[in-house]
Amino acid sequence: MPARGANARATWGGRWRWVLSVGMVACCVGCTSLLIPSGLSDRELQAMIDRNTRNLPRLQAHLFEEYVSDIMGPPQRVEGYPWGTVWLYRTALTKGARATPETDYTPLVFDQRGVLLGWGSDIWASYRHRQPSLGGGLPQ
């Protein structure tokens, strides 16, 4: 009889080790997905580009940041300068590459009061060279 009890305990202990091992593997796989962000899918990225491109014509100069945010949603990048801020919205996907060159973004230029001065690379270039950035490329 004692041999049977020892055998049952060994089988029971083996099951617990197996359950524990499976649990640890599942936990590690779950943690890996949290540590390594997958980013946007191609479909989500294209939907964002389409939405941004569709909303750009609704903008007007002299709008406050709050109104621009209501129209455009949150920017994909924000850069701060002594003279104001620049919100960058993704409006293109160069050659289907997942890289993010500056040409893929449309800049919206705000003064220190948060008033939209204009958008596009020409207006940004005229302000960008005035003074150095305070912390460019900060995702928001």
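The values are calculated or read from the model by the stated rules, or taken from the named source; none is laboratory data. All values reported here derive from a predicted model rather than from experimental measurement. For neighbour counting, all protein chains shown are included, and Cβ atoms are generated from backbone atoms with ideal geometry for every residue, glycine included.
Taken as a whole, the condition of being modelled with pLDDT under 90 and touching a helix residue (DSSP H, G or I) at 6+ places or on another chain (Cβ under 7 Å) applies to LEU93.
Matching residues to (1) more than 18 Å from GLY114 (Cβ to Cβ); (2) modelled with pLDDT of 95 or more; (3) among the charged types (D, E, K, R):
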{"residue": "ASP50", "(1), (2), (3)": "yes, yes, yes"}
{"residue": "THR53", "(1), (2), (3)": "yes, yes, no"}
{"residue": "LEU56", "(1), (2), (3)": "yes, yes, no"}
{"residue": "LEU59", "(1), (2), (3)": "no, yes, no"}
{"residue": "HIS62", "(1), (2), (3)": "no, yes, no"}
{"residue": "SER69", "(1), (2), (3)": "no, yes, no"}
{"residue": "GLY73", "(1), (2), (3)": "no, yes, no"}
{"residue": "GLY80", "(1), (2), (3)": "no, no, no"}
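Taking the stretch 72-98 as the range and being free of Cβ contacts under 8 Å to residues at least 60 places away in the same chain and loosely packed, with under 13 Cβ neighbours inside 10 Å as the test, the residues that pass are PRO82, THR94, LYS95, GLY96, ALA97, ARG98.
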